[in-house]
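Laboratory data are not the source of any read-out in this text; all were calculated from the coordinates shown. Here the structure is a predicted model, which means the values were calculated and not measured. A quick note on method: Cβ atoms are made from the backbone with ideal geometry, for glycine too, and the neighbour counts reach across all protein chains shown.
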Amino acid sequence: MTAKNAQPVQGMSDLGPPGIAIWQEIEEVTRRVMALYDFSEVRTPIIEYTKVFSRSLGDTTDVVQKEMYTFEDRGGRSLSLRPEGTASVMRYVSGLGPEGQTARLYYIGPMFRCERPQAGRKRQFHQFGMEALGGPNPLADAEAIALQQHLFSALGLRETTVEINTRGLPEDREAVKKGIANALKPHMDELCEDCRRRYESNILRVLDCKQEGCIRVVESFPPVTDFMKAESREYLQEVLRILELLEIPVDVNPRLVRGLDYYVHTVWENKHPALGAQDALSGGGRYAIDLGGKTIEGVGFAAGIERLITALEHDRPEGVDTAPRAVVWIVSHGDKAMEENLVLAQTLRMRGVHCGLDLGGRSMKAQMREANRARAEFAVIRGDEEIEKGLVILKNMNEGTQEEMELPVLLERLVTVSRAEVL
Ligand code: AMP
């Protein structure tokens, strides 16, 4: 195979060692923190009937209009790769009956959007997210934001804050659109091509366009809350009050709208300075999703894992690629030793010690290099000579010290060290 046809599809990536370690860590921390807040995992298929997305996300959204991978199955039904997680979870809970209305669920997995690939924008990317089902309740919105921030800080993220705003009630929508349309009208020729189209189809989206010209235009606009009922403004104030009780700092961004039609009341987004133009790390909000006669309500967020890793590379002083591949690396010298050392490795592994060794008869120097690459804490050196004497050499890789000992002593030491690591 040539290097060229070893490439994955444009905008998609292979994930393997050593970089995979941070992915596993993020998944682990996500599962742990979600469980602390009493959320359960849900795994839905990656492919859905296209209408699952168009009915939830809205036919006029960029995601549905331009970005979905859509194809027909053999029966001519339209299917799509999921571009986000919420619509599938809504389909799932709609089948659960009454208990679905209060479900607390999270997901982790790949999403697909056929966007123009660029830094921070992939065609296959990964998200984790949560959905807490239930009607409008400022406590639930604040809890979702608290969970998100807990998860980010548990991962070592420092420089991110929540930008929060409200989309108001469904009955505010017309007044808001009209208010924005009036403010935009005199500036139509300053807008980008996408926003001129959005003026007709999805006008709120103009407010969070990333193009400089559009940013300049909307900067002078009144906040969207000016066009809303007092009840909507009060709901936001209540969410802010509870977040203060929970000691979660947030910034109110009066121009934050988020693109999808299904949002009501609270919306939020997290940005990060390391992300450049694609600066959104996560996005969330309260929603009321109409599944053809049945409305499902809840609050949720989704965070992009690729962007989270970029942010963690910036925020963690030690970087992200620091996970050791092994606690112990066994170094052999001679054929007999290699065989005996495989037996030793098996004994250690069965006792829970993470250990590696070379089975290919490479030089001792090459094996020591491998021990360093694996960030092993210890090297166990055992050649034919040591085997004859019934001894092994244990080298502490961090301190550079080494001592000779009998095999049972070594086993006891390494098992103890390994247990301490687990604890
Ligand atoms: P959204 O569903 O568009 O609100 O996206 C939620 C999060 O997913 C964003 O804040 C990003 O972190 C991430 N995300 C969305 N689209 C992409 C993409 N094309 N490539 C990488 N990450 C993305």
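Within the listed set Arg43, Arg32, Arg413, the residue fluctuating most in the Gaussian network model of the chain (springs between alpha-carbon atoms under 10 angstrom) is Arg413. Placing pseudo-labels 7 Å out from each Cα toward the beta carbon at Gln346 and Ile20 gives an inter-label distance of 2.5 nm. Only lysine pairs 8 or more places apart or on separate chains count here, and in the range 275-423 those with Cα atoms under 27 Å apart total 5. The distance separating the Cα centre of the range 328-406 from that of the range 168-214 comes to 66 Å.
In the chain, a dipole from Cβ-located charges (positive for Lys and Arg, negative for Asp and Glu) runs towards its positive end, and of Ser94, Val33, Ala303 it is Ser94 whose Cα lies farthest in that direction. When DSSP beta bridges are restricted to pairs lying wholly in the chain, around 80% turn out antiparallel. Ignoring lysines fewer than eight residues from Lys122 along the same chain, the ones with Cα atoms less than 26 angstrom from its Cα are Lys4, Lys51, Lys66, Lys210, Lys271.
Could you tell me the calculated FRET efficiency between Ile47 and Arg241, based on Cβ-Cβ distance and R0 = 41 angstrom, to the nearest 0.05? Calculated value: 0.45.
To make sure I understand the rule: partners must be lysines, Cα under 24 Å from the Cα of Lys229, and not fewer than 8 residues away in the same chain. Which ones qualify? Of all the lysines, those that pass the test against Lys229 - Cα under 24 Å, at least 8 places apart if same chain - are Lys177, Lys178, Lys185.
Given a Förster radius of 30 Å and the C-beta distance between Leu169 and Lys210 as r, what FRET efficiency does 1/(1 + (r/R0)^6) yield to the nearest 0.05? Computed FRET efficiency for Leu169 and Lys210: 0.60. Of the GluC sites (Glu not before Pro) found in the range 64-167, those in coil by DSSP whose Cβ has at most 13 other Cβ atoms within 10 Å are Glu159. The shape of the range 265-344 comes out oblate: with a ≥ b ≥ c from the C-alpha gyration tensor, a/c is at least 1.5 while a/b does not beat b/c.
GNM on the chain, alpha-carbon springs under 10 angstrom: the most fluctuating residue among Asn137, Asn202, Asn398 is Asn398.
Comparing Cα centroids, the range 236-295 and the range 1-51 end up 24 angstrom apart. List the residues of the range 255-274 whose backbone N lies under 17 Å from a point placed 7 Å from the Cα of His314 along the Cα-to-Cβ direction. From the range 255-274, the list is 269-274. Looking at the square roots a ≥ b ≥ c of the eigenvalues of the Cα gyration tensor of the range 328-422, which shape do they give, rounded for a/c under 1.5, prolate if a/b is larger than b/c, or oblate? Rounded, because the longest to shortest axis ratio a/c is under 1.5. Could you grab the relative contact order for the range 328-422? Cα pairs under 8 Å, six or more apart, rounded to a whole percent. Once divided by the residue count of the range 328-422, the mean separation gives 31 percent. Hey, in the GNM for the chain with a 10 angstrom Cα cutoff, which one of Arg196, Arg205, Arg104 fluctuates hardest? Fluctuation is largest for Arg196. In terms of packing, defined here as the mean over residues of other Cβ atoms within 10 angstrom, the peptides 173-184, 253-264 line up highest first as 253-264, 173-184.
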